1. For the range 1-17, enumerate the residues that are in a strand (DSSP E or B) and surrounded by 23 or more Cβ atoms within 10 Å (Cβ to Cβ).
2. Just give me the residues in the range 46-69 being modelled with pLDDT under 90 and part of a helix (DSSP H, G or I), in sequence order.
3. Out of all the residues in the range 18-39, which are surrounded by fewer than 18 Cβ atoms within 10 Å (Cβ to Cβ) and either within 18 Å of residue 127 (Cα to Cα) or not small (Gly, Ala, Ser) (or both)?
4. If we keep just the residues of the range 42-58 that are under 16 Å from residue 30 (Cα atoms) and among the hydrophobic types (A, V, I, L, M, F, W, C), which is surrounded by the fewest Cβ atoms within 10 Å (Cβ to Cβ)?
5. State the number of residues belonging to the range 135-146 that are free of Cβ contacts under 8 Å to residues at least 24 places away in the same chain and either basic (Lys, Arg) or in contact with a helix residue (DSSP H, G or I) (Cβ under 8 Å, 6 or more places away or on another chain) (or both).
6. Looking at 97, 79, which is the one that is out of contact with any Ser or Thr (no Cβ under 9 Å at 6 or more places or on another chain), part of a helix (DSSP H, G or I) and at pLDDT 95 or above?
7. Which residues, counting only those in the range 84-115, are surrounded by 20 or more Cβ atoms within 10 Å (Cβ to Cβ) and either of a type in the set (Phe, Trp, Tyr) or more than 14 Å from the chain's Cα centre (by Cα) (or both)?
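The values are calculated or read from the model by the stated rules, or taken from the named source; none is laboratory data. All values derive from a computational prediction rather than experimental measurement. Here Cβ is always computed from backbone atoms with ideal geometry, including for glycine, and neighbour counts include all displayed protein chains.
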Amino acid sequence: QQHRKEGDLIMGKGNRSAIVTLVERSSRLLVAFALRPGNRSDNMRDQLIEALGILPATLRRTLTWDRGSEMAKHAEVTAALGTLVYFCDPASPWQRASNENANGLLRQYFRKGADLSTVEQAEVRFAADEINGRPRAVLDWDSAAARFASFQIVVALQTKAVSNGTGKTARLPTAGDNSLGLSTATATKGATPPAPNSRRG
């Protein structure tokens, strides 16, 4: 299915902290952000609405997730965004294979057993940007960032502009438009990159 999202958590030490990962299936674009401390299902709902809400509706039609309790309030995500949420069958991570692959790539930066509660969003953003900038065989050696940008151009051409009296096409929202500090393109200037495997438990 075109523009399907797949999502999951990578867990920190003792399952007390986590990074949320979202992958756009067609482009393999990774969006990742630290899950805020506190009530996990409430924060997951709020942060998903914020993260997915910056995208045009055509780029967030569905979301496939693991069967974790953090998605207990998925119906509220659907109500807010119109994004249909599906869950994998038990013990079937292959049903969101692109996300599993992205989690493995992100683990090059944040190792299993690390305390993710100390991770800054700038670190997560930098790691995701590096991953999105890599040429990928599955994309015919295109990068996820470049492939996703091409989708945005198509959406801009197919979507009518917000009526503002000018007749100009409205700018598509970008990750920089929200408070999560998400990025879907190039690395943040001035951010200090975490070395791969630097977050050791």
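1. Within the range 1-17, 5, 6, 7, 8 qualify.
2. 57, 58, 59
3. Answer for the range 18-39, where residues must be surrounded by fewer than 18 Cβ atoms within 10 Å (Cβ to Cβ) and either within 18 Å of residue 127 (Cα to Cα) or not small (Gly, Ala, Ser) (or both): 36, 37, 39.
4. 54
5. Total satisfying the criteria: 1.
6. From the options 97, 79, the qualifying one is 79.
7. Selection gives 109, 110, 114.
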